[in-house]
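Heads up: the structure comes next, in structure tokens.
The values are calculated or read from the model by the stated rules, or taken from the named source; none is laboratory data. Keep in mind it's a predicted model, so treat the numbers as computed, not measured. In this analysis, Cβ positions are derived from the backbone assuming ideal geometry, glycine residues included, and neighbour counts consider all displayed protein chains.
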Amino acid sequence: MDRKDFITLSSLGFLGLYSCGISNLNMNKRSLAIQLYTVRDAISKNLEKTFEKLAELGFTELEIYGYNGTFFGKTAIDFKKVLSDNGLKVISSHHRTGITDQEDGTLLKNWEKTLDDLNRIGSKYAVCSYLPEAERTLENYQKLPDILEDAGQVSKQNGIQLAYHNHDFEFLKMDEQHNFYDFILEKTSSDLIKMELDLYWISKAGLDPLVYFEKYPKRFPLWHVKDMKGGTKDFAEIGNGTIDFKRIFEAREKAGLNYWFLEQDSSDIDIFESIRISRKYILDHSYFR
């Protein structure tokens, strides 16, 4: 807006309305991202219609799951077309270690082929998503850093950043000095292995994300954002629980945050209604941007 327009708007009393309009426009430009596990039941019925619904709600970025040589049964080329048709792009993809899951798409089996497919769809991150109960042994935890480092090196060579996603069990004590989460952080390279911090699970474990941001700065470029009910500690829509997101997001620079994903593992109501509730809260609070 040039000086002449500024004076004209001021004299007519429209400057406040103009500024409000710009503010709303900028707010609406905020990219909404979601972890697709949230809508896994809908995806199992109809992938294309699920993507249409998410696009209608204003989501433009995704974190996906379930790659096993295909993306929800589709080749990389076909999946990329479904994404393009709905104005969606993949930022990150979830994968398991392969210690017990002997299938494609894990860190230990055909990882270079996985990375090739992730590059075809434009993903920037690959994330070690979950340790099945059978893998949560001291022996497996002790060899996990090497597995992550090896996969992280190959990932980096292929232009993709590897990260590790937590639940609450990683915060159990490993020995007198470490819990399993700190062990992973300390035994892996900060360049090769970043962390995707799940704000619900670390909160459920009774730990403070800001302590980790201070101790391991710039290590947390990805977050899962979901809320926790008081009392039961069940999953809740963002804003309907007890987590202080404002306090956490104010430390985003220290954490090194680049992308965050709305996620809700389960809901007492229709999951798309839960997403709408969370979406409204996000858009109504500027600290999420």
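Sub-6 Å Cβ pairs linking a first residue in region 241-256 that is in contact (Cβ under 8 Å) with a residue 12 or more places away in the chain to a second residue that is part of a loop (DSSP other than H, G, I, E, B), at least 6 apart or interchain, are Gly241/Lys229; Thr242/Gly230; Lys254/Pro217; Ala255/Phe220; Gly256/Lys218; Gly256/Phe220; Gly256/Pro221, ordered by first then second residue. Per the listing Lys218, Lys194, the residue uniquely part of a strand (DSSP E or B) and within 23 Å of Val90 (Cα to Cα) is Lys194. Scanning region 29-59 for residues that are more than 20 Å from the chain's Cα centre (by Cα) and at pLDDT below 95 yields a total of 0.
If you go through region 96-132 and pick out every residue that is out of contact with any Ser or Thr (no Cβ under 7 Å at 6 or more places or on another chain), closer than 17 Å to Ile184 by Cα and exposed (fewer than 14 other Cβ atoms within 10 Å of the Cβ), you end up with 0. Which members of region 213-234 meet the condition of being in contact with a strand residue (DSSP E or B) (Cβ under 7 Å, 6 or more places away or on another chain) and either closer than 20 Å to Val127 by Cβ or without any contact (Cβ under 8 Å) to a residue 12 or more places away in the chain (or both)? The answer is Arg219, Phe220, Pro221, Leu222, Trp223, His224, Val225, Lys226.
For region 131-168, a residue qualifies if it is hydroxyl-bearing (Ser, Thr, Tyr) and within 18 Å of Ile91 (Cα to Cα), and the qualifying residues are Ser155, Tyr164. If only residues of region 89-120 that are of a type in the set (D, E, K, R) and touching a strand residue (DSSP E or B) at 6+ places or on another chain (Cβ under 7 Å) are counted, the one that is farthest from Gly69 (Cα to Cα) is Lys89.
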